[in-house]
Amino acid sequence: MTILEVDSVIKRYGTETVALDNVSFSVQPGEFVAIIGPSGAGKSTLLRCINRLIDVTSGDIRFAGVSVPQLRGAALRRHRTQIGMIFQHYNLVNRLSVIENVLHGRLGYKNTLQGILGLYSEQEKRDAVRILETLGLTEQMYKRCDQLSGGQKQRVGIARALVQKPKMLLCDEPIASLDPSSAKVIMDTLQDINRTMGITVLVNLHQVDVALHYAERIIGVNKGRIIYDGAPHALSNAQIYQIYGSEAGELILDLKERYAA
Amino acid sequence: MQPEAFFRRRRLQSLLFLLIITALTYGGILMTQFDVTQGLMAIPRAFSWAIANFIPDERAWSRLPRILEKLQETVLMAVASSSIASVFGLGLALLGANTTRPHPWFSLPARALASVFRNIDVSVWALILLFSFGQSGFTGFFALFFVTLGFITRVMVETIDEVSTDSVEALRATGAGYTAIISQSVIPACLPQLISWVLYMIETNIRSATLVGILTGTGIGFLFDLYFKNFSYGSASLVVLLTVAVVLIIETVSNYVRRVIL
Amino acid sequence: MEVTASASASRIKIRQRSHASAVLQITLLSLTLLTIYGLITIDSRNVDVFAALGDMINNFRIVFTEPRLEKLSWFDLLRELMITVSLGLLTTVIGAVFALFLALFAAQNLAPRRVNDAVKALMAFVRAVPTVLWVLFFAVAAGLGSVAAVVGMAFHSVGYLVKAYAETFEELDAGVLEALRASGANWWQTVFQAVLPSSASALLSWTFVRFEINFSVAIAMGATAGAGGIGYDMFMASAFYLDLRELGMFTYAVLLFAILLEWSATRLKVTVGARRSY
């Protein structure tokens, strides 16, 4: 049984730019997949096609048996509630408190009036508080988000995704704006969520070493095409070079140091 | 580039700039038939006259209740038109901003409409509206309303795209509907900015309302015009002093509110 | 904090009171109440608003779809528009010259505190007086006409520009001023070699913003305070000839010029105006 199936997806911007060029792969429930590649390779576009923040030009995406490209209105919203998304820049409403931002994850389940008024049930609030507890944000619950550190903001982002009760998490460069120690906390958290809650995780990463360390499976993308799809240990230096092009030199050097250590 | 050449070019540029400004100014003086010596003489003359005559006298103080009443009318008109216009302006901005427009086709008409509203001066709106509303408070109200609507739309389109693009994306990803996204993310993020602009427009509109009042015979502008044309300079001066006091008080309150909420 | 307890408590609050949110709510409430009160007490003079609104739509249609010139020729229209533009330009230039000088004394990093406060207070007063009242005030000494209009409008421009310029100066890098002072430059040398060159583009932007404002003000002064130009023609078309169609043509003329100015401002990257209060 697959949870996600991406089938010959093509995404063009205008007539010239091809962001995704015939991309196909499938993901099993509970997998931890890292999508690596240089900036501009189409990683972000790929994630956004899965929850339809971007429309595909052609091809099919099936999530939990449902074909995504044709979804509209309420069905599309229902599809999105099943997938949590985590962003590089956290994408929080900075002026609101942590708990309010977390509860935003429930808006997909609300009707129009509840959504406008921001009415949440006690059960939803209890869930939100519990998730904040597990992520170690209890003390920050009523703080405004602009008073948090980057790592804390990203944990709020994760909490907002978890409160959706998603089947899958899409993480778009979740650690690209963080310092190394916060980045480790975030990646550990994602791994933990994947292992203990059984949620499928798809994470875009720029850093190969992080991908190799955490992922069970690597998908390497360059110029909108999948170059590599397989286990981390099978990824050769030549393939990394193929994925990253001229950027690869330093990355491979870093890796050697890492393996030496 | 040689240093001498560099400095020569710099000097030439400055000189050219000054020359153009001087020429334009001279042209302006010719066009408006502005008499420079008279203009310079008018300033000391006006102030020495003011020291002798432009001081509230006893008659002025006896008119205080009426002045305050008209002042209140003007302030309320500024507040009401600014507040209502900002609600509509926010609506128009939601249609016009790239982040929140329901469809790309909404954007241009919304922005164009706002541009027409703000680029026609408040006095011109008043002159047009006089045909429908006559010498009533509505003429001023709608004139201020239109200009404020255009202005608020412009600044809020920028604000919305600046502060809420990311969070709107996140909420769309959770499956939230359009109205929920607007009310839970865009409005909370933009509200302090909106309030700040409304307060600014109130300050501006009190001055504009004074002007429009002269055209429409309402509010404090009308009263000033009346006293002034009847040579009741003492009363006119009291009008000015009270207007200044009210504007300064509102400015102070606004600055306080801005400092706290932004 | 009550947070840990609240996990099991029956109701969980998702908002916590803060000073900022209280001020925000009070402001919103006051504005709402004042607006309602303002609408109730508006001086309606027995005008039926809903009938008048219908009338307004029809008038807008006439103004915007049937404009034509009657008493004035195209050449007259252009001349009158140019008079108004000149008035705006002239008052901006005069205002800018005086404001530049005064702003040096209003900036905290350039003059002693006591001088700052005095200049700023004076300018706050000058700004708080509506332009039209300044013009009428000078009309006593100079008579209604271009002299009173230019002096009055320039006065208000000075009040506005001193604030804008002084804030620009205050944003200057303190290190640069210190470096020049350390090298033995005197006050005037610092002003001409560091302060003015590094803030020139911001000063120009603010001046252009004021020119946009003064163009509008010049129309208004033509209509209300005898400044001439297109504002006066519009006033005549509206109040004396009751000619909506000619008023429509004038409206298009000022609208096009104002849009041209706004467009130039964006092209010249005049960004300061929209960011900060005018």
With 27 Å as the cut-off, how large is the P(r) tail for region B:58-261, expressed as percent of Cα-Cα pairs? 40
Can you work out ³J(HN,Hα) from phi for every residue in region A:38-52, in order, using Karplus 6.51 cos²θ - 1.76 cosθ + 1.60 and θ = phi - 60°, giving whole Hz and x for Gly and Pro? x, 5, x, 7, x, 5, 4, 4, 4, 4, 6, 6, 5, 9, 6
Fraction of the pair-distance distribution of chain A above 32 Å, Cα-Cα pairs, percent: 23
Based on the Cα atoms of region C:73-275, what semi-axes does the equivalent ellipsoid have, where each is the square root of 5 times one gyration tensor eigenvalue, given in whole Å with the largest first? 37, 19, 12
Helix-derived [θ] at 222 nm for chain A: sum -39500 (n - 2.57) over DSSP H runs of at least 4, divide by residue count, nearest 500? -11500 deg cm²/dmol
Mean Kyte-Doolittle of at least -0.5 plus a Cα span of 27 Å or more along the axis: flag which DSSP H helices in chain C meet both, please. C:19-40, C:74-106, C:146-170, C:196-224, C:244-267
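Work out the FRET efficiency for C:V49 and B:Q33 from their Cβ-Cβ distance, taking R0 = 41 Å, and round it to the nearest 0.05.
Values: r = 43 Å, r/R0 = 1.04.
Calculated value: 0.45.
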Place a +1 charge on the Cβ of each Lys and Arg in chain A and a -1 charge on the Cβ of each Asp and Glu, then give the dipole magnitude about the Cα centre in debye, rounded to the nearest 20. 940
Toward the positive end of the charge dipole of region C:73-275, about the Cα centre and with charges on Cβ (Lys, Arg +1; Asp, Glu -1), which of C:S183, C:W74, C:W263 goes farthest? C:S183
Residue farthest toward the positive end of the dipole of chain C, with Cβ of Lys/Arg at +1 and Asp/Glu at -1: which of C:G226, C:V115, C:F211? C:V115
Given pairs A:K43/A:K110; A:K43/A:K184; A:K143/A:K167; A:K125/A:K184; A:K167/A:K223; A:K125/C:K13 and cut-off 19 Å on Cα-Cα distance, the over-length ones are A:K43/A:K110; A:K43/A:K184; A:K143/A:K167; A:K125/A:K184; A:K167/A:K223
Residues with beta-carbon under 11 Å from that of A:R52, excluding A:R52: net charge, scoring Lys, Arg +1 and Asp, Glu -1? +4
Summing +1 for each Lys or Arg and -1 for each Asp or Glu, what net charge is found among the other residues whose Cβ lies under 9 Å from the Cβ of B:G177? +2
Fraction of beta bridges assigned by DSSP in the protein assembly as shown that are antiparallel (%, nearest 5): 55
Please list, in chain and number order, the residues 5+ apart from A:I3 or on another chain whose amide H is under 5 Å from its amide H, with Hs placed from the backbone. A:V27, A:Q28
Please give the average number of partner chain Cβ atoms lying within 10 Å of the Cβ of each residue in A:114-126, rounded to a whole number. 4
Base-10 log of normalised Debye intensity for region B:3-53 (one unit scatterer per alpha-carbon) at q = 0.19 Å⁻¹: -0.74
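Provide the net charge surrounding B:L18, with neighbours chosen by a C-beta distance below 14 Å and charges set as Lys +1, Arg +1, Asp -1, Glu -1.
Residues close to B:L18 contribute a combined charge of +2.
Let me spell out the model: positive unit charges on the Cβ of Lys and Arg, negative unit charges on the Cβ of Asp and Glu, origin at the Cα centre of region C:73-275. What dipole size does that give, in debye rounded to 20?
400
Suppose we look only past 17 Å in the calculated P(r) of region A:91-165. What percent of the Cα-Cα pairs does that tail hold?
Roughly 37 percent, once rounded to a whole number.
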Percent antiparallel among DSSP beta bridges confined to chain A, rounded to 5, stands at 55
Over the Cα atoms of the protein assembly as shown, what is the Rg over Rh ratio if Rh follows Kirkwood? 1.05
Please give the charge dipole size of the protein assembly as shown, origin at the Cα centre, charges +1 on K and R Cβ atoms and -1 on D and E Cβ atoms. Round to the nearest 20 debye. 660
Residue farthest toward the positive end of the dipole of the protein assembly as shown, with Cβ of Lys/Arg at +1 and Asp/Glu at -1: which of B:A80, B:N119, A:T2? A:T2
May I ask for the distance between the Cα centers of region C:189-243 and region B:163-216, given as a whole number of Å? 28
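The numbers here are math on the coordinates, done by the rules we state, and not lab data. Since the structure is predicted, the reported quantities are computational estimates derived from the model, not experimental observations. Note: ideal-geometry Cβ built from the backbone for every residue, glycine included; neighbour counts use all protein chains shown.
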